[in-house]
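Here is the structure we will look at, set down as structure tokens.
Readers should treat all values here as calculations from the given coordinates under stated rules, not as data from a laboratory. Computed from a predicted structure; not experimentally measured. Every residue, glycine among them, receives a Cβ derived from its backbone with ideal geometry; neighbour counts consider all protein chains shown.
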Amino acid sequence: MLTTIEIYKGLGFVFATSIILFVLIQRETKAKRKSIHELELQKENLLNLTEENEKVKSRLQDRNVYIETILKYLPIGLAVNKMDDGNTVFMNKNFTDIYGWPEKDLVNLESFFESVYPDEEYRNMIRERVLEDINSGDPNRMRWYGIEITTSSGEKKFINAQNIPVFDQNLMISTVIDITEQKNANLKLKESEEKYKLLAENTTDVISLLDTDGRFLYVSPSGTNASGYEPNEVLGKKSHIYFHPDDVSLVTSDTYWNKLKAGLSILLIYRFKSKDGKYRWFESNRQPVLNNKNELIKIVSVSRDITERVEREKIIDNYQKSLKKLTTEISLTEEKQRKEIAANIHDHLSQLLVISKMKLNDLHDEIVTENAQKEFKSVIQYIEEALDNSRKITYDLCPPVLYEMGLIETMYWLADKTQQEHHIKTSFITDLNKIKLSESKLILVFRVIQELVNNTVKHAQANNLKIEMKVNDELLEIKVSDDGKGFNKNELPKAKVGEGGFGLFAVKERVQNLDGRISINSEKNTGTTIKISVPYI
């Protein structure tokens with residue numbers, strides 16, 4: 001039997017053991033409570049970050065409403081389509097009014113062509129022509145004049161249409177102007193001219209005969225309608241005395257007379273002062289008359305008033321400039337939002353992830369069970385992956401080095417990044433330490449170089465890529481060259497999406513917006529060199 005002393009010793013051992021276990025349990029409980037409290041704080045910080053992102057989103061939405069309001073009330077028909085599938089993302093009221101169909105029938109290419117061009121043969125012809133012009137990548141081909149359309153009520157209309165590509169945003173801006181009244185007026189005029197085409201004196205064109213000094217020898221009666229002058233008021237006078245001072249050299253220069261003496265016809269566009277003192281635009285085709293010795297003896301001029309055409313072209317050009325300015329503003333706004341989002345990720349989310357990782361590392365050694373330690377390691381690994389992704393997202397959205405260190409350091413970073421990620425030996429060469437540019441110009445210049453580098457990576461199959469930069473006579477000069485497969489420059493306008501043509505066209509557009517110049521030198525199997533110069537102010 002156990003003695004009393006032995007029993008008390010046993011009880012003492014049990015009591016002491018219980019106390020130790022109690023202390024350990026209390027310590028573990030306290031640590032877990034602390035961890036839970038810290039996780040609650042992190043949750044609250046994440047909620048605050050979400051609210052801030054919602055505010056940024058709200059500001060962007062307000063900006064979009066402002067831009068859409070401007071587009072909605074432009075005095076022309078306007079629609080914005082995605083380039084890859086042709087679907088419409090925006091359409092103003094004038095667009096549907098001009099085409100005479102509800103928006104639902106115009107939002108995709110199939111329903112658009114079937115509605116607006118009901119005649120199958122005409123529809124196929126128009127579709128082939130339009131799509132071929134768009135795929136050319138040449139904005140000068142994306143203008144269509146005098147196209148006949150049919151409204152939902154069966155009414156026939158005539159339109160002028162123009163597409164403006166915004167390649168870096170996968171958007172195509174489509175504009176349309178109703179020229180039905182003008183077309184009908186022109187048709188009536190043409191019918192009238194047909195009736196009297198055998199009577200030269202009644203032609204709407206002004207036919208005149210000039211001597212070798214440029215004096216009027218004959219002017220058709222139609223000149224009175226065009227200028228207000230009776231023929232006898234101008235006979236014997238030199239034509240250029242009625243020209244706008246800035247246009248006089250067109251008919252007095254040695255180049256003008258040498259061409260005529262060589263038997264070459266000349267097309268002139270100039271401003272002519274009418275009798276009421278106002279200048280009107282004229283287009284004249286001047287044809288030399290040579291004798292049997294090939295000597296210039298007279299000049300036949302056929303002229304027409306093109307004032308309305310010039311004014312229409314000015315309106316279209318102004319709209320195009322406004323739209324380009326608007327797309328540039330949209331690009332800069334998008335860049336600003338990218339910068340803000342990247343800053344929020346870097347300053348808040350990434351920092352929270354770093355702190356969370358540190359806290360979890362501190363708690364790891366205090367975890368008793370092996371399974372719990374494995375779970376903690378998994379969580380830490382997830383946080384490390386999240387940190388890597390947040391850094392990548394930040395640099396993809398907006399490289400911080402561009403704003404913190406400037407363009408030069410960013411070019412070194414871009415060269416290193418390109419070499420590491422794509423295994424193309426990439427170098428950046430410059431004797432500049434720093435370049436001072438406005439923020440908008442800094443962004444556009446960087447995006448131009450980035451697009452050229454991306455083009456090389458995607459299409460050139462190059463082993464070496466070199467970026468050079470210098471300042472020369474107040475110009476920032478940039479040269480990007482590679483030893484890749486090159487291309488035929490004549491085939492560049494025919495390049496389609498994914499072949500690099502649109503990328504280079506987007507670069508040209510950005511350089512033009514910077515009032516700069518670009519030259520491309522490339523041949524197949526000899527590499528490519530692209531030189532860019534922009535004002536350095």
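Can you give the relative contact order of region 80-185 as a percent, counting alpha carbon pairs under 8 Å and 6+ residues apart?
26
Backbone amide hydrogens, once placed in the peptide plane, bring TYR218 within less than 5 Å of LEU209, excluding anything fewer than 5 places away on its chain.
Ignoring solvent entirely, what values of log10 I(q)/I(0) come out of the Debye formula for region 399-535 at 0.11, 0.16, 0.18, 0.20 Å⁻¹ when each Cα is a single scatterer? Each listed q maps to, in turn, -0.37, -0.81, -1.03, -1.28.
Excluding SER533 itself, what net charge comes from residues whose Cβ is under 11 Å from its Cβ, given Lys and Arg +1 and Asp and Glu -1?
On the way: positive: LYS470, LYS479, ARG517, LYS531; negative: ASP473, GLU474, GLU477, ASP515.
It works out to a net charge of 0.
Count neighbours as other Cβ atoms within 10 Å of each site's Cβ, and list the GluC sites (Glu not before Pro) in region 260-309 that are DSSP loop with at most 14 such neighbours.
The qualifying sites are GLU295.
Applying 1/(1 + (r/R0)^6) with r as the Cβ-Cβ distance of GLU181 and LEU326 and R0 = 25 angstrom yields a FRET efficiency of 0.30.
Karplus-derived 3J(HN,Hα) values for region 123-134, using 6.51 cos²θ - 1.76 cosθ + 1.60 with θ = phi - 60°, are 4, 5, 5, 5, 4, 4, 5, 5, 5, 5, 5, 5 Hz; glycine and proline are entered as x. Subtracting the Cα-Cα distance of GLN419 and ASP138 from their residue separation scaled by 0.36 nm leaves 97.9 nm. Whole-Hz Karplus values for region 461-472 come out as 6, 8, 9, 9, 9, 10, 10, 10, 8, 7, 10, 9 Hz, taken residue by residue from phi with 6.51 cos²θ - 1.76 cosθ + 1.60 and θ = phi - 60°; glycine and proline positions read x. The stretch between VAL471 and SER249, if pulled fully straight at 0.36 nm per residue, gains 76.2 nm over its current Cα-Cα span. State the extension gain, in nm to one decimal, for the chain segment bounded by GLU110 and ARG127, taking 0.36 nm per residue of separation less the distance between their alpha-carbons. Taking GLU110 through ARG127 to full extension adds about 5.1 nm, to one decimal. Taking θ as phi - 60° and the Karplus parameters 6.51, -1.76 and 1.60, the scalar couplings of region 212-221 work out to 6, 9, x, 8, 5, 9, 7, 9, 5, x Hz in sequence order, x denoting glycine and proline.
Could you tell me whether region 276-324 comes out rounded, prolate or oblate from its Cα gyration tensor? Rule is a ≥ b ≥ c as square roots of the eigenvalues, rounded for a/c under 1.5, then prolate if a/b exceeds b/c, otherwise oblate. Here region 276-324 falls in the prolate category.
Across the alpha-carbon set of region 80-185, the Rg to Rh ratio works out to 0.94, Rh being the Kirkwood radius.
Within region 200-305, the ratio Rg/Rh, alpha carbon atoms throughout and Rh by Kirkwood, equals 0.95. Shown for HIS423, HIS244: other C-beta atoms within 10 Å of each C-beta, ranked fewest to most, produce the order HIS423, HIS244. With contacts taken as Cα pairs under 8 Å at a separation of at least 6 residues, region 200-305 carries a relative contact order of 28 percent. Note on ALA262 and TYR218: with the Förster distance fixed at 30 Å, the Cβ-Cβ geometry gives a FRET efficiency of about 0.80.
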